[in-house]
Amino acid sequence: MDAQTDSKPLLDVLKGQRRARPPMWLMRQAGRYLPEYRALRAEKGGFLALATDPEAAAEVTLQPIRRFGFDGAILFSDILMVPWALGQDLTFGPGEGPRLTPRLVDHALASLQPVPERLAPVYATVRRVAAALPAETTFLGFAGSPWTVATYMVAGQGSRDQAETRSMAYRDPAAFGAIIDAIIASTVDYLAAQIDAGVEAVQLFDSWAGTLSPAQFERWVIAPNAAIVSALKARHPDTPIIGFPKGAGGKLPAYARETGVDALGLDETVDPAWADANLPEMLPVQGNLDPLALIAGGAALDSAVDRILAAFPHRPHIFNLGHGIDQHTPIAHVEQVIARVRGSEAGGSGAHG
């Protein structure tokens, strides 16, 4: 099953084809661990300025492809572009995470005035990247999943346990459901427009899915992601969708079955052998190297990579991290992983096996 088409290995795997050497990309591969990214961000003066400058954002998206020859390029953007388009103000302060105002714990969703044109630079970025990527590289778009996006919209910023949002979901499920529904509708339009502009697959990031009880997970993670998948498939039936519910653990099989995603991202806490035994047969999976193992390097990194590669003897697999790459990751360790995954085909930095 490995040699039918060498045109786009990652896209082939997302469509159910197993390859002897799994294709690879890394979450947050375009970012602060790269000196060329740091130089461009310093020149542009901040994250939002960079992400809304199509020429600069396209350059950032392409940087790791030039340096490492990954099989996938992920659009350089942020999951909070959707709440920004829904009318919240978005800022990235120096040394702190993003901030959204007004917080929806204090203000009603109806008080926001949507500004969909704020997303136009993202689509311009997609068109630039699509025109510049190597023919064998799969172009990935993305959005945040509704639960995770809602946690920022309600609280105005990230938090360890999402207590304000979880409390609101219990206390006033109707008001919270309206926020979720608005995010679903905007996200479907956003991802469809990314596909129209040139991305070939999309990923839904649910970074805070692991904080919910089983019943709340069903209601606020599975159901909204299923709604997005269904609506997006109606518009773009041939575009693969990767679901990444970080921290879902034992709820992953239900998520995989009930959302209808084409592939499932595994975070670093998931035992890959358990995933292979418990997930729907032949569902493509992505992951799940611990980003801290990537920082450690050496024999520990080789061992971690080998364990993941051995866990999926028959299942279509995309090699990736279990979460985003850390800014302190040595570039030499990324090269070590590429060589380990690609084996004798690696051929040095920038090669496609």
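The values are calculated or read from the model by the stated rules, or taken from the named source; none is laboratory data. Quick caveat: nothing in here was measured; it's all calculated off a predicted structure. Heads up, the Cβs are rebuilt from the backbone with ideal geometry, glycines too, and the neighbour counts pull from every protein chain shown. Protein only, heavy atoms only, side chains kept; ligands, DNA and RNA dropped before computing areas. Shrake-Rupley method; radii C 1.70, N 1.55, O 1.52, S 1.80 Å.
Structure notes:
- In the stretch 209-243, the residues that are open to solvent by 10 Å² or more (accessible area, probe 1.4 Å), assigned to a loop (DSSP other than H, G, I, E, B) and touching a residue at least 12 places away in the same chain (Cβ under 8 Å): Leu212, His236, Thr239
- Beta carbons closer than 6 Å, at least 6 apart along the sequence or on distinct chains, pair a first residue in the stretch 18-35 that is over 11 Å from Gln327 (Cβ atoms) with a second that is of a type in the set (Lys, Arg) for Arg21/Arg342.
- Qualifying residues in the stretch 291-315 (those that are charged (D, E, K, R) and farther than 15 Å from Thr269 by Cα) - the one least open to solvent (accessible area, probe 1.4 Å): Arg315
- Any chance Glu96 is acidic (Asp, Glu), modelled with pLDDT of 95 or more, within 23 Å of Gly156 (Cα to Cα) and surrounded by fewer than 21 Cβ atoms within 10 Å (Cβ to Cβ): no
- Any chance Arg103 is open to solvent by 30 Å² or more (accessible area, probe 1.4 Å), touching an Asp or Glu at 6+ places or on another chain (Cβ under 9 Å) and more than 24 Å from Arg128 (Cβ to Cβ): yes
- Within the stretch 80-93, restricting attention to residues that are without any contact (Cβ under 8 Å) to a residue 60 or more places away in the chain and outside any loop (DSSP other than H, G, I, E, B), the residue that is least open to solvent (accessible area, probe 1.4 Å) is Leu90.
- The conditions of being in contact with a Phe, Trp or Tyr (Cβ under 9 Å, 6 or more places away or on another chain), over 30 Å from Gln336 (Cβ atoms), surrounded by fewer than 22 Cβ atoms within 10 Å (Cβ to Cβ) and of a type outside the set (Gly, Ala, Ser) are met by Pro54.
- Among the residues making up the stretch 179-208, those that are in contact with a helix residue (DSSP H, G or I) (Cβ under 7 Å, 6 or more places away or on another chain) and outside any helix (DSSP H, G or I) are Gly198, Val199, Glu200, Ala201, Val202, Leu204, Phe205, Asp206, Ser207, Trp208.
- With respect to the stated conditions, Ala182 fails to be open to solvent by less than 10 Å² (accessible area, probe 1.4 Å), out of contact with any His (no Cβ under 9 Å at 6 or more places or on another chain), hydrophobic (A, V, I, L, M, F, W, C) and closer than 17 Å to Leu109 by Cα.
- Considering residues of the stretch 255-273 that are in a loop (DSSP other than H, G, I, E, B) and either of a type in the set (Val, Ile, Thr) or modelled with pLDDT under 95 (or both) only, the residue nearest to the chain's Cα centre (by Cα): Val261
- Filter pass, Glu36 being modelled with pLDDT of 95 or more and open to solvent by 50 Å² or more (accessible area, probe 1.4 Å): yes
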